[in-house]
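For reference, the structure discussed in these notes is given below.
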Amino acid sequence: MIIAIDFDGTIVENKFPDIGRPELLTTEHNMIIAIDFDGTIVENKFPGIGKPKPNAKKVINFLHDGIGARIIIWTVRTAKNDIWTMRQYLDSSGIKYDAINDGRFVPFLNSPKIYADIYIDDRQAGGLPQDWDKIWKLIAPQVRAINKRPAGTYK
């Protein structure tokens, strides 16, 4: 078993300079959300593509369009064919995203870790609900606390 623990903000108080200041992170978007693919957006059938999780498209597109978040697909898929297959699925399903495994929205941070205000992953501590309506209820308070734009109404 491998357990990954973020250091800044988890083990010690986050004293990293300028992180958490949305005006430094993006221009027209207020926050960055990193979302795992296999097991989170779709059922985990890696290297294949599983069935979509309930309401994933609706919530992710609301985060992108309604909240104005930058969506980074954060995945262990690294082979070009696996990334291509995933990208084809996302595009053909109409799930909106801005990047895949790419931290370009934080140009001043030179780190292999993708920076995000919120990480959504099926392997997070405590688990993750299967239905994205429940995921929205979990992250909504954090979205409202971080986001400078009104959170809008999620339906």
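Taking Lys and Arg as +1 and Asp and Glu as -1, the other residues whose beta-carbon sits under 14 Å from that of Arg104 total 0. Arranged from fewest to most other beta-carbon atoms within 10 Å of their beta carbon, Ile83, Ile114 become Ile83, Ile114. Summarised in one figure, the compactness ratio Rg/Rh of the range 22-145, Cα atoms and Kirkwood Rh, is 0.94. Ordering Arg70, Arg77 from the fewest to the most neighbouring beta carbons within 10 Å gives Arg77, Arg70. Across the range 131-145, coupling constants 3J(HN,Hα) worked out from phi with the 6.51/-1.76/1.60 Karplus curve, θ = phi - 60°, read 9, 5, 4, 6, 4, 4, 4, 5, 8, 3, x, 5, 4, 5, 6 Hz, and Gly and Pro carry x.
About its Cα centre, the dipole of the range 22-145 is roughly 200 debye, where the only charges are +1 on Lys and Arg Cβ and -1 on Asp and Glu Cβ. Under the criterion of Cα pairs below 8 Å and six or more residues apart, the relative contact order for the range 22-145 equals 34 percent.
Each value in this text was obtained by applying a stated rule to the coordinates, not by laboratory testing. Everything numeric here is computed off the predicted structure, so don't read it as measured data. A quick note on method: Cβ atoms are made from the backbone with ideal geometry, for glycine too, and the neighbour counts reach across all protein chains shown.
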